[in-house]
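Visitor: One structure coming up, written as structure tokens, with questions to follow.
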Amino acid sequence: MSTPLEICLEETNPPLADERYIRCVALPGGQPGLALDREGAVRWMPDQPADFGLWVSADDQLILLRAQSAGPITVSRAGRSLAAPAEMPVVLLDQDLLQIDGRQLRVHVHGATEDVHPPERIGSSALARAARATAAALALSAAVGVADGVAGSPASASPPPIEVRVRPPVVRRMPRPILCDVTSVKSSRSGPSAVHATCPPGPTPPVGSQGQLLDAKGAEIQGGQIVVKQVNGSKIVGETPLRNVKVAKAKFMQN
């Protein structure tokens, strides 16, 4: 099974010179994760299908996938350029250049990682500090030239041509949590308690959805199951068998 890849996306013309690197993690194919929007901005686990997905193939290659409705994106490597076709995976290598809507992003591939995190903008000075802290960060800084006396593997004399694969992946959206803020819990003398909550923007749990009540620290409350009975926009009313309990949030899983 493939593992997540630690990468950096380098803006070649950033608004601030010391904030040109965006540290990212690409997830194995089939999971919602790292993406670019139609303007080339980095996105993480977008609710809607991504214009340009960045993910890891079964053979551990970094993949770019352009959606059918997305605009053009060009991949450049050692003097070669390719306009990425829609819905056909393009294999990206270290130092490839992505050009999209006037923005240029240099790809730095650092290797497998177990630390999955949202994208974060990091400057060269921060990379240098991280390089002194851990060996993993030292490898990261070596690719962007901030480590002292560290060199990567020698580049091949002739980089391989840009590879386009024929079949797109079968994308399976992984369940993601919806955390709704509980505004009140009204206990009855007999029967279940009514839980009133407000959910964040985006999909709202439909009637019949089952979830779990959480305390103020985010821990699951024992026996705190909730079933949605009413939905009004972002507001929901659910039922729980618990009575006289302090509840902070209700968690539902979105498929």
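Visitor: Just the residues that are more than 14 Å from V195 (Cβ to Cβ), in contact (Cβ under 8 Å) with a residue 24 or more places away in the chain and of a type in the set (A, V, I, L, M), please, taken from segment 208-230.
Guide: Scanning segment 208-230 gives a single hit, A216.
Visitor: Additional query: Considering E6, E19, which residue is touching a Gly at 6+ places or on another chain (Cβ under 8 Å) and either surrounded by fewer than 16 Cβ atoms within 10 Å (Cβ to Cβ) or not in a strand (DSSP E or B) (or both)?
Guide: Step by step, each of E6, E19 is checked, and only E19 is touching a Gly at 6+ places or on another chain (Cβ under 8 Å) and either surrounded by fewer than 16 Cβ atoms within 10 Å (Cβ to Cβ) or not in a strand (DSSP E or B) (or both).
Visitor: Go through (1) in contact (Cβ under 8 Å) with a residue 40 or more places away in the chain; (2) over 22 Å from H117 (Cβ atoms); (3) touching a Lys or Arg at 6+ places or on another chain (Cβ under 6 Å) one by one and return the number of the condition E39 breaks.
Guide: The one condition E39 does not meet is (3).
Visitor: Within segment 65-78, can one find any residue that is crowded, with 17+ Cβ neighbours inside 10 Å, in contact with a Gly (Cβ under 9 Å, 6 or more places away or on another chain) and part of a strand (DSSP E or B)?
Guide: yes
Visitor: Are any residues in segment 235-253 open to solvent by 50 Å² or more (accessible area, probe 1.4 Å) and not hydrophobic (A, V, I, L, M, F, W, C), and if so, which ones?
Guide: K235, E239, P241, R243, N244, K246, K249, K251
Visitor: Hey, among the residues in segment 95-105 that are modelled with pLDDT under 95 and among the charged types (D, E, K, R), which one's surrounded by the most Cβ atoms within 10 Å (Cβ to Cβ)?
Guide: The residue in question is R103.
Visitor: Next question. In segment 30-64, which residue that is closer than 21 Å to P14 by Cα and in a loop (DSSP other than H, G, I, E, B) is least open to solvent (accessible area, probe 1.4 Å)?
Guide: Out of the qualifying residues, it is G40.
Visitor: When segment 166-199 is examined, which residues are found to be modelled with pLDDT of 80 or more, in contact with a strand residue (DSSP E or B) (Cβ under 7 Å, 6 or more places away or on another chain) and open to solvent by 50 Å² or more (accessible area, probe 1.4 Å)?
Guide: Step one: of segment 166-199, the residues modelled with pLDDT of 80 or more are 166, 177-199.
Checking which are in contact with a strand residue (DSSP E or B) (Cβ under 7 Å, 6 or more places away or on another chain) leaves us with 177-187, 192-199.
Those that are modelled with pLDDT of 80 or more, in contact with a strand residue (DSSP E or B) (Cβ under 7 Å, 6 or more places away or on another chain) and open to solvent by 50 Å² or more (accessible area, probe 1.4 Å): P177, L179, D181, T183, K186, S187, P192, H196.
The values are calculated or read from the model by the stated rules, or taken from the named source; none is laboratory data. Keep in mind it's a predicted model, so treat the numbers as computed, not measured. Positions of Cβ are generated from backbone atoms using ideal geometry, with glycine treated the same way; all protein chains shown enter the neighbour counts. Side chains included, ligands, DNA and RNA excluded: accessible areas come from the protein's heavy atoms. Shrake-Rupley method; radii C 1.70, N 1.55, O 1.52, S 1.80 Å.
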